[in-house]
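Shown next, in structure tokens, is the structure this report addresses.
The values are calculated or read from the model by the stated rules, or taken from the named source; none is laboratory data. In this text the structure is predicted, and so the values were computed from the model without any measurement. Cβ sites come from the backbone with ideal geometry, for glycine too, and all protein chains shown count toward neighbours.
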Amino acid sequence: MEAEDCRAALAALRPPRRPGRIERIDGGWSFWTFQADSEIARFAGTDEDAARLEVELRVLPMLAERLPVAVPDYVVQGEWDGMPFGVYPMLPGRAVAADELLSDGGRLARELGAAIRALHGVRLDEVARASGEDTDLGAWWNRKRTFFDECRSRAFPLLAPAVCAAAEREIDLADNRVRDRVARPVFAHNDLGLVHMLTDGTRLTGIIDWSDAEITDPAIDFVGVLAAAGMPAVEAVLRGYGEPPGDAFWERVWFLAWVSPLHDILYGLDTGDDAIVAGGVAGVEMRMRAAGVL
């Protein structure tokens, strides 16, 4: 999808939107995203993306009332080429840099921890009514099992033998151990990388891109910080969050951290992008070594 397609979609709204400048925002895998003057337009590209956008549209108003930072406020919804899209005013701020989390005594990290804590405190029955999700952690783990099965057939053959053997071992251990150490499932952002956290340079101003949010292990919302800024940054975030959620917290975070690049491998295979595949393969091994499981 190109900028002129976005322009045509916005012009077809009632009343029409006719922005002067439209720029495509690259980097996302699931949606086409554009900046149209001072607004953001996000377009679903597949049926799965469309379903996730519908959930996002229903859940975000509830989160806006409960989180101490801003979230997208979709003011317009439309359809383009048979797929839904939404438009929201740009949130203030820019993406957080890794070194900012620990600057000024770790204030930004603590603010992030407080925001994650508020998110994880949202009642699951309210989320379930808005999203249609199952509140049972077993539903999340069953989705993980399906994902791991796909990885075994498509991603694991690309890994070095020792890495593949370690992955099989750690997944078996997680099935018997990590899942049982989650204190309780929560509604999590599930893709909380630094690019999705906004700051004005002094404080956390917003969190964007909620399309992957789901009821899951709360440890997942610390993985992006670990990957970008290391364990000291996660510890600083925890000072704003409170007690680590569930037993074996670090074990669960590291497990989810090395699993994450497997998604990159599958995406690269689906799109024919050899560079993304290679990055995913290298990322699995690098994170396994950092976690001490290889």
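Give the residue, chosen from ASP209, ASP264, ASP221, ASP270, that is surrounded by fewer than 16 Cβ atoms within 10 Å (Cβ to Cβ) and not assigned by TED's automatic domain parsing to the domain that holds SER30.
ASP270
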Here are some residues: ALA174, ALA188, ALA160, ALA183. Which one is of a type in the set (A, V, I, L, M), within 18 Å of VAL293 (Cβ to Cβ) and either outside the structural domain of PHE222 (by TED's automatic domain parsing) or surrounded by 13 or more Cβ atoms within 10 Å (Cβ to Cβ) (or both)?
ALA174
For region 218-268, name all the residues that are within 29 Å of ALA155 (Cα to Cα) and in contact with a Phe, Trp or Tyr (Cβ under 7 Å, 6 or more places away or on another chain).
ALA219, VAL234, VAL253, TYR267
Number of the exception - ARG252 against (1) closer than 27 Å to THR135 by Cβ; (2) surrounded by fewer than 22 Cβ atoms within 10 Å (Cβ to Cβ); (3) among the basic types (Lys, Arg)
(2)
Go through (1) of a type outside the set (Ser, Thr, Tyr); (2) surrounded by 17 or more Cβ atoms within 10 Å (Cβ to Cβ); (3) modelled with pLDDT of 95 or more one by one and return the number of the condition PRO232 breaks.
(2)
I want to confirm something. Restricting to region 81-114 and keeping residues that are touching a strand residue (DSSP E or B) at 6+ places or on another chain (Cβ under 6 Å) and part of a strand (DSSP E or B), which single residue is surrounded by the most Cβ atoms within 10 Å (Cβ to Cβ)?
PHE85
